[in-house]
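Below is one structure; the comments refer to it alone.
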Amino acid sequence: MKSHLFKSKLFSYPGKGGWTFAVVPKKHAPAAKLAWGRTPVIAVLDGQEWRTSVWTEKSGRVLLPLPKKIRKQYTDGDTVLLELTYLL
C-alpha cells in the first residue's frame, strides 16, 4: 500500500464538541470510495497512528477528522504534516 505525505491546515467546525479536520489535497485524494463517500485509512500525525476514514463532501473536498487525543497541541489554523495510507 502506498502512503501519501502532505501538509494541511486544520479547521474546526464551531460549537461545543465541534470536530477538527484536515483537508486532503486533491492529488492525494482516494480513488476508491465506499458508502457516504468514505474511504478507510491509516493516518499518522507526529508518530501517532490511528484508523479512521476520510470522506468526500458534496463540494468534492476530502476531509480527515483528527480526534483530540491525536492532535493534542494543534488547533484551528495550525498546519500539520500528515501521512495517509488508503485501505482500499
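Here the label points at Asp76 and Lys58, each 7 Å from Cα along the C-beta direction, are separated by 2.3 nm in the simple model. With all pairs of different C-alpha atoms in the average, the Kirkwood value for the hydrodynamic radius of the chain is 13.1 Å.
Taking other Cβ atoms within 10 Å as a rough exposure proxy, Thr56, Thr75 sort from fewest to most as Thr75, Thr56.
No value in this document is a laboratory result; all are computed from the given coordinates. All of these numbers come straight from a predicted model, not from anything done at the bench. Neighbour counts are summed over all protein chains in view; Cβ atoms, including those assigned to glycine, are modelled from backbone coordinates with ideal geometry.
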